[in-house]
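Colleague: Below you will find the structure I want to go over with you.
The values are calculated or read from the model by the stated rules, or taken from the named source; none is laboratory data. On a predicted model such as this, the values are computed, not experimentally measured, just so you know. All Cβ positions, glycine included, derive from the backbone under ideal geometry; neighbour counts span all protein chains shown. With ligands, DNA and RNA removed, areas are computed over all heavy atoms of the protein, side chains included. Shrake-Rupley method; radii C 1.70, N 1.55, O 1.52, S 1.80 Å.
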Amino acid sequence: MSQLPDLASRLLGGGVVDANDEFFAARDNLIDPRPPGFAPHTFGPKGQVYDGWETRRRREPGHDYAVVRLGAAGVVREVVVDTSHFTGNFPPYASVEACGVEGYPSPAELAGADWVTLVPRSPLAGDARNVFTVDNPMRFTHVRLSIYPDGGVARLRVHGEPVPDPRFLLAGPVDLAALANGGIVVGCSDMFYGSPNNLLAPGRAGSMGEGWETARRRDDGNDWVHIRLAAAGVIRLAELDTTHFKGNAPAAASLRGLGADGAWLEILPRTRLQPDTPHQFLIPELPPVTEVRLDVYPDGGMARLRLYGELTAQARADLTRRWLSLLPPDQRRAVAEMDALLSE
């Protein structure tokens, strides 16, 4: 399940938009894509420095909370409340709620949203990855982590399936592979050094650690990633970005796409790559595809993969129907009211 992307990650544009307390350690650490670290006997003005979110000790009734705007709205399948390195100061219990809202709400507006429980109040273990499976089919934009009564949490991971707002995919060419648009990795030969979903993350990679890198091959094969696109579309431009990969970039790469007839067609023939370079390739007129396979020869690392193109008319209609069916009731009503106003 954890192979699904972390919808809350800062790498996808997630943000901690509210927290009632962060006295000992900043709330923003919750969504850091890096594993939590710890340096013992490292003290600041407020005590031991922790790589996580830590609140002060409560002396009154109540509990602490942090609200996270998902970098990619979607259906949540798993939540991880990671208390790594918090031992005598972890919260004994936690719960997670979610909501779906329009636009860019303030913390006060979010407080009045219709929150749905994803993880009921549940016991936590200290210095551990506490994993909770979620069974709710709705699309959410925000989650709220509550801890009882106080303490420290290193990371919050919200694994799930991105569900894009189709209204933002209709204005022109889009990156059909982007996680935020609904693209996702469904197969991979190797991910020894980094998740292949990093290929589909927004923005430029800040380091090799934000890309996908395989182990060194000692055979005659090659490594590959299989991607399900946001929806069926015609690819016009491919970008294969090896930025930061210098002595470990692939020597070459190719792209194939799965057409409507179930046959694979060549998008980009095996092509030489350079290290530390964003390569762009214009793609000749081809039929729509729903899935793409990237092959790298023989192994190595890549920072990003972009596949720009246009959705088919049927894909746009299907995306809209699915999106509407997954909206929580409050957001669905807000969308209907906005549509009514625009049609007047």
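Colleague: Report, in debye and to the nearest 20, how large the dipole of the chain comes out about its Cα centre when Lys and Arg carry +1 and Asp and Glu carry -1 on their Cβ.
Modeller: 380 debye
Colleague: By how many degrees, between 0 and 90 and to the nearest 10, does the Cα long axis of helix 329-343 differ from the longest principal axis of the chain?
Modeller: 60 degrees
Colleague: List the pair-distance distribution P(r) of the range 137-185, using every Cα-Cα distance, as the percent of pairs falling in each 5 Å bin from 0 up to the bin containing the longest distance, rounded to whole percents.
Modeller: Bin by bin from 0 Å, the calculated values are 4, 14, 22, 16, 14, 11, 8, 6, 3, 1.
Colleague: Please name which of Tyr104, Val17, Pro91 has its Cα lying farthest along the dipole of the range 1-116 towards the positive end, using unit charges on Cβ (Lys, Arg +1; Asp, Glu -1) and the Cα centre as origin.
Modeller: Towards the positive end, the residue furthest out is Pro91.
Colleague: Please report the carbon-and-sulfur percent of the accessible area for the chain; probe 1.4 Å, protein heavy atoms only, DNA, RNA and ligands left out.
Modeller: 53 percent
Colleague: Please compute the contact order of the chain in relative form: average sequence separation of alpha-carbon pairs under 8 Å and at least six residues apart, divided by the residue count, as a percent.
Modeller: Relative CO of the chain lands at 18 percent.
Colleague: Using every alpha carbon pair in the range 185-344, what percent of pairs falls into each 10 Å bin from 0 up to the bin containing the largest distance?
Modeller: Calculated P(r), rounded to whole percents: 10, 34, 28, 17, 8, 2, 0.
Colleague: Additional query: If you build a Gaussian network model of the chain, linking Cα atoms that sit under 10 Å apart, which residue out of Leu311, Leu265, Leu118 swings the most?
Modeller: Evaluated over the chain, the most mobile residue of the options is Leu265.
Colleague: When Rg is the radius of gyration of the Cα atoms in the chain and Rh is its Kirkwood radius, what does Rg/Rh come to?
Modeller: Using Cα coordinates only, the ratio equals 1.01.
Colleague: Right, here's the next one. Using a 1.4 Å probe, how large is the accessible area of Tyr148, given in Å² and rounded to the nearest 10?
Modeller: 40 Å²
Colleague: In addition: Pairing the Cα long axis of helix 313-326 with the longest principal axis of the chain, what angle in degrees results, from 0 to 90 and rounded to the nearest 10?
Modeller: Taking the Cα atoms of the chain, the angle to 313-326 is about 10 degrees.
Colleague: Using the Cα centre of the range 1-122 as the reference point, and only Cβ charges (+1 on K/R, -1 on D/E), how large is the resulting charge dipole? Debye, rounded to the nearest 20.
Modeller: Dipole about the Cα centre, nearest 20: 360 debye.
Colleague: Would you mind listing how long the range 280-344 runs along its three principal axes, going by Cα atoms, in whole Å with the largest first?
Modeller: Answer, in whole Å and largest first: 55, 27, 18 Å.
Colleague: If each DSSP helix of 4+ residues adds -39,500 (n - 2.57) and the sum is divided by the residues in the chain, what number results at 222 nm, nearest 500 deg cm²/dmol?
Modeller: Result for the chain: -3000 deg cm²/dmol, rounded to the nearest 500.
Colleague: While we're on this one: Let me cross-check Asp82: its accessible surface, 1.4 Å probe, with only protein heavy atoms counted, in Å² to the nearest 10?
Modeller: Approximately 10 Å² of Asp82 is accessible to the 1.4 Å probe.
Colleague: Please work out the Cα center distance from the range 88-159 to the range 235-249, rounded to the nearest Å.
Modeller: Between the Cα centre of the range 88-159 and that of the range 235-249, the gap is 36 Å.
Colleague: Under Stokes-Einstein, with the Kirkwood radius over Cα pairs standing in for Rh, what whole-number D in µm²/s applies to the range 165-258 at 25 °C and 0.890 mPa s?
Modeller: It diffuses with D of about 168 µm²/s by this estimate.
Colleague: Sorted by accessible area (1.4 Å probe), largest first, how do Phe86, Phe192, Phe38, Phe281 line up?
Modeller: Phe192, Phe38, Phe281, Phe86
Colleague: Another question, then. Hey, what's the chain come to in accessible area per residue, 1.4 Å probe, Å²?
Modeller: Ligands and nucleic acids excluded, the result is 46 Å² per residue.
Colleague: Is there a quick way to get the dipole size of the range 256-303? I mean about its Cα centre, with the Cβ of Lys and Arg at +1 and of Asp and Glu at -1; what is the value in debye to the nearest 20?
Modeller: Dipole of the range 256-303, to the nearest 20 debye: 100 debye.
Colleague: Determine the principal axes of the Cα atoms in the range 54-173, then give the extent along each, sorted from largest to smallest and rounded to whole angstroms.
Modeller: 53, 28, 23
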